[in-house]
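What follows is one structure encoded as structure tokens, with my remarks underneath.
The values are calculated or read from the model by the stated rules, or taken from the named source; none is laboratory data. All values reported here derive from a predicted model rather than from experimental measurement. Glycine also receives a Cβ, built like all others from the backbone with ideal geometry; neighbour counts cover every protein chain displayed.
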Amino acid sequence: MRRLVAFGLIIALVGAACGTGASPSPEGSPTPGTSPSTPASAPTGGRWEKPIVIGWTPPDITGVFKTATDFFEKAAADANQHGFKVEIVSRSPATHTAFADQLAILEDFISQKVDVIAISPADTEAVKPGIQAANQAGIPVIMVNLLEEQSGVDIASYIGFDNTQAAQVSAYAVLDLFGGPGVLGLGEKVDVTPDQYLDLAWWENLYKDVDPNLPKANGVIIEGIAGTFFSQARLDGFNKVISKYPNIKILAEPCAADWNRQKGIACAENFYSRFSPSELNFVWAASNEMGLGAMLTAERQGILNTNGMGEPAPDKVSIFTNDGTPESVDAIRAGKLIAETWHGFPEWGWFGTEFAVRIACGLDVPKLQDIRPRTEYQANADQFYPNPQLPAIDWEGIKAQCQ
């Protein structure tokens, strides 16, 4: 199976500029790479006094990756307030399918002799020659948006999540709205704390004894780039859960929208013309660019369910998606998106920049940093944006150890 995409956001991080420095870590959130002490001053003549250039290449610069880019730039600014000289050089292909362009960007970063490369690959196989060239040039590489280790290349750190698990989380939100237990819809309501992680373990525990005949709904799926790693992984995860519930019916083959909003609109228009609102209850889009397209189309046609935490609405379509950006979280607050699975773009930047600086300083970083995908919905939206809950980074401690 070809390994595809989306990701390598790596880099950067938010600090006091995002209001995160004083925020406690959410339940179970790891705080790797931080030092236990913060000395009053660091010795002079260290690596921290020299520029640290991070070459960052996402697969495109749509809302998802724009969000991550914003956070690693804020993080770099925060590090620089502590005396570092971190510079982010950000370049992306024009589209998510311009694989050769991203390879050329990697080659250019190598020629510039950047200190660390952060990549969210448009296609994991297509970029391997570029990563191998970076390995040969001695430039460390961080890969974001996946945890699956890649063969044939040396990756210093993976920051991301399991895409199959993320889609399973989305499937449970659908079951919840349409009759199952949880935090949505008309089914049994479960008490949760505002900062509780509604991750896969939480959902699986909740549904371990649920009657599979209980949730009832008809839906359709909008996928990414058909046949690629990320799109297939998310399809597999969603179907792994939904297939166990006989009264959840998928009415048609998935429509591929290439992670693109306009193509998501086209897929939604096709589905809405084929199925009446009385028979089509939900759309699950595997990314929020596509999901926002489906939402806008349903809203324009007057068939969008805006009940939020309420219940399925007669002759209305409920939209579910994955990712998490300021735009999609605002749509959740307004009830226009029912639920979304958080992929942690701030965390990508937060841990990514910390790890990139630590690598440049000759310090250890975690090989895998799992973001733990979890459900965003109307009642917990504030914990995601505008002030994501992120652990503080001890830049002074890193400075003291920077070789």
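Among the residues examined, L146 does not qualify as crowded, with 20+ Cβ neighbours inside 10 Å, out of contact with any Ser or Thr (no Cβ under 9 Å at 6 or more places or on another chain) and under 24 Å from Q232 (Cβ atoms).
Filtering the stretch 338-390 to residues that are in contact with a Leu (Cβ under 7 Å, 6 or more places away or on another chain) and surrounded by fewer than 24 Cβ atoms within 10 Å (Cβ to Cβ) leaves L368, D370, Y377. Any idea which residue in the stretch 218-261 is farthest from A173 (Cα to Cα), counting only those that are among the aliphatic types (A, V, I, L, M) and in contact with a Ser or Thr (Cβ under 7 Å, 6 or more places away or on another chain)? So, considering only residues that are among the aliphatic types (A, V, I, L, M) and in contact with a Ser or Thr (Cβ under 7 Å, 6 or more places away or on another chain), the one farthest from A173 (Cα to Cα) is I225.
Quick grid of which residues meet (1) modelled with pLDDT of 95 or more; (2) in a strand (DSSP E or B); (3) not aliphatic (A, V, I, L, M):
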residue	(1), (2), (3)
F320	yes, yes, yes
D330	yes, no, yes
K336	yes, no, yes
T341	yes, yes, yes
P346	no, no, yes
G349	no, no, yes
V357	yes, no, no
D364	yes, no, yes
R372	no, no, yes
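Within the stretch 86-99, one or more residues are buried (at least 24 other Cβ atoms within 10 Å of the Cβ) and over 21 Å from the mean Cα position of the chain (by Cα). For the stretch 100-164, the strands (runs of 3 or more DSSP E) that sit wholly inside it and include 2 or more residues that are in contact (Cβ under 8 Å) with a residue 12 or more places away in the chain, farther than 30 Å from V241 by Cβ and within 20 Å of the chain's Cα centre (by Cα) are 116-119, 141-144.
Would you be able to tell me the number of residues in the stretch 169-195 that are crowded, with 17+ Cβ neighbours inside 10 Å and of a type outside the set (A, V, I, L, M)?
10
Restricting A201, A173 to those that are of a type outside the set (S, T, N, Q), free of Cβ contacts under 8 Å to residues at least 12 places away in the same chain, outside the structural domain of V144 (by TED's automatic domain parsing) and outside any loop (DSSP other than H, G, I, E, B) reduces the list to A201.
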